[in-house]
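Student: This structure is in structure tokens; I'll ask about it shortly.
The values are calculated or read from the model by the stated rules, or taken from the named source; none is laboratory data. All values reported here derive from a predicted model rather than from experimental measurement. Cβ atoms come from the backbone with ideal geometry, glycine included; neighbour counts cover every protein chain shown. Areas reflect the complete protein model, heavy atoms only, side chains present, ligands, DNA and RNA absent. Shrake-Rupley method; radii C 1.70, N 1.55, O 1.52, S 1.80 Å.
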Amino acid sequence: EVQLLESGGGLVQPGGSLRLSCTGSGFTFSNYAMNWVRQAPGKGLEWVSTISASGGRTYYADSVKGRFTVSRDNSKNTLYVQVNSLRADDTAVYYCAKGDLYGSGSSWGQGTLVTVSS
Amino acid sequence: QSVLTQPPSVSAAPGQRVTVSCTGSSSNIGAGYDVHWYQQLPGTAPKLLIYGNKNRPSGVPDRFSGSKSGTSASLAISGLQAEDEADYYCQSFDTRLSGWVFGGGTKLTVL
């Protein structure tokens, strides 16, 4: 069974930083692109970033470009996103999602909440 | 403002059929990229419902079906049940943004 477990969220002041992690199990992690998607309270889903299976290619939404950095350690089956220069509108539940050949998110983690507030 | 457009809400009685539309543009759905649908029950993570426009993952009832035509796609749910009450999101890929795009979500109410 595919499982994804996010961690690293919390309360952070504006301008602060966090590193979110997502550990996968039940599949060959290194074979799949991985994605971060966030959901602000009471709002819809927003794509944040995608990283290729090898980690060689990364893509970002305009809203986070230059502030967020996605990476992965395939030896640890773990996906990361370093989130810097946080703003109030970055407050959201951050989900990791396993990519598939069709371009969908076939499995999602339970999410980790990031709250940006002074 | 979401790149893909969905109605904010739909409703129908148990046993009836409902459809949710998803409209994109020439840089996403109209460019030939697949459309996928997710169901998000209250307080839970999204779950893949339909992938590749019309395919159901294992375990998804055949009451759920998807279609795509031109720059739009639709999710149909037949034989509505109370447990279908949830938010539904469409998703595709946008070549201009080089990433996933989502609809704003549609809240389904089972009357």
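Student: Among the numbered criteria (1) touching a helix residue (DSSP H, G or I) at 6+ places or on another chain (Cβ under 9 Å); (2) part of a loop (DSSP other than H, G, I, E, B), which single criterion is violated by B:PRO42?
Tutor: Unmet for B:PRO42, out of (1) touching a helix residue (DSSP H, G or I) at 6+ places or on another chain (Cβ under 9 Å); (2) part of a loop (DSSP other than H, G, I, E, B): (1).
Student: What number goes with the only condition from (1) over 18 Å from A:SER107 (Cα atoms); (2) over 11 Å from the mean Cα position of the chain (by Cα) that A:ALA53 does not pass?
Tutor: Evaluating A:ALA53 over (1) over 18 Å from A:SER107 (Cα atoms); (2) over 11 Å from the mean Cα position of the chain (by Cα) leaves (1) as the failure.
Student: Keeping to segment B:65-106, report how many residues are farther than 15 Å from B:GLN39 by Cβ and charged (D, E, K, R).
Tutor: 3
Student: Return the pair list, or none, for Cβ contacts closer than 7 Å from residues in segment B:1-24 that are within 15 Å of B:ASP94 (Cα to Cα) to residues that are of a type in the set (Phe, Trp, Tyr) and crowded, with 16+ Cβ neighbours inside 10 Å, at least 6 apart or on different chains.
Tutor: Final answer for the pair search is B:SER2/B:PHE102; B:LEU4/B:PHE102.
Student: Could you please tell me which pairs satisfy a Cβ distance under 6 Å, a separation of 6+ or placement on different chains, a first residue in segment A:80-105 that is under 18 Å from A:THR69 (Cα atoms) and among the charged types (D, E, K, R), and a second residue that is exposed (fewer than 14 other Cβ atoms within 10 Å of the Cβ) and at pLDDT 95 or above?
Tutor: Pairs found: none.
Student: Still on this structure: Here are some conditions: (1) in contact with a Ser or Thr (Cβ under 7 Å, 6 or more places away or on another chain); (2) small (Gly, Ala, Ser); (3) assigned to a strand (DSSP E or B). B:SER65 meets all but one. Which one does it not meet?
Tutor: (1)
Student: In this structure, does B:ARG17 turn out to be surrounded by 15 or more Cβ atoms within 10 Å (Cβ to Cβ), modelled with pLDDT of 95 or more and over 25 Å from B:SER98 (Cα atoms)? Explain how you work it out, then say what you get.
Tutor: On the way: surrounded by 15 or more Cβ atoms within 10 Å (Cβ to Cβ): no; modelled with pLDDT of 95 or more: yes; over 25 Å from B:SER98 (Cα atoms): yes.
So B:ARG17 does not fit the description; no.
Student: Look through segment A:13-49, keep the residues that are out of contact with any strand residue (DSSP E or B) (no Cβ under 7 Å at 6 or more places or on another chain) and closer than 21 Å to B:TYR88 by Cβ, and return whichever of them is nearest to the other protein chains (Cβ to nearest Cβ).
Tutor: Per the criteria, the residue is A:LYS43.
Student: Taking strands (runs of 3 or more DSSP E) that do not extend beyond segment A:1-60, which have at least 1 residues that are under 19 Å from B:TYR89 (Cβ atoms)? Break it down stepwise before answering.
Tutor: Details: elements: A:3-7, A:10-12, A:18-25, A:34-39, A:45-51, A:58-60.
Counting at least 1 such residues, we get A:3-7, A:34-39, A:45-51.
Student: Could you please find all residues in segment B:81-109 being in contact with a helix residue (DSSP H, G or I) (Cβ under 9 Å, 6 or more places away or on another chain) and polar (S, T, N, Q)?
Tutor: Answer for segment B:81-109, where residues must be in contact with a helix residue (DSSP H, G or I) (Cβ under 9 Å, 6 or more places away or on another chain) and polar (S, T, N, Q): B:SER92, B:THR95.
Student: Right, next: Can you tell me which residue in segment B:45-75 is surrounded by the fewest Cβ atoms within 10 Å (Cβ to Cβ), limited to those that are within 16 Å of B:ARG17 (Cα to Cα) and away from every other protein chain (no Cβ under 14 Å)? Walk me through it before giving the result.
Tutor: The first filter runs over segment B:45-75 and keeps only residues within 16 Å of B:ARG17 (Cα to Cα), leaving B:61-67, B:74-75.
Still in the running and away from every other protein chain (no Cβ under 14 Å): B:61-65, B:67, B:74.
On the way: B:PRO61: 12, B:ASP62: 8, B:ARG63: 14, B:PHE64: 18, B:SER65: 17, B:SER67: 14, B:SER74: 18.
Only one residue fits best here, namely B:ASP62.
Student: Then there's this: Sort out which residues of segment B:76-111 are more than 10 Å from chain A (Cβ to nearest Cβ), assigned to a loop (DSSP other than H, G, I, E, B) and surrounded by fewer than 18 Cβ atoms within 10 Å (Cβ to Cβ), and write them in order of number.
Tutor: B:SER78, B:GLY79, B:GLN81, B:GLU85, B:THR95, B:ARG96, B:LEU111
Student: When segment A:75-118 is examined, which residues are found to be open to solvent by less than 30 Å² (accessible area, probe 1.4 Å), closer than 24 Å to A:GLY16 by Cα and in contact with a helix residue (DSSP H, G or I) (Cβ under 9 Å, 6 or more places away or on another chain)?
Tutor: A:THR78, A:LEU79, A:VAL83, A:VAL114, A:VAL116
Student: From (1) over 9 Å from the mean Cα position of the chain (by Cα); (2) within 14 Å of chain A (Cβ to nearest Cβ); (3) modelled with pLDDT of 95 or more, pick out the condition that doesn't hold for B:PRO42.
Tutor: (3)
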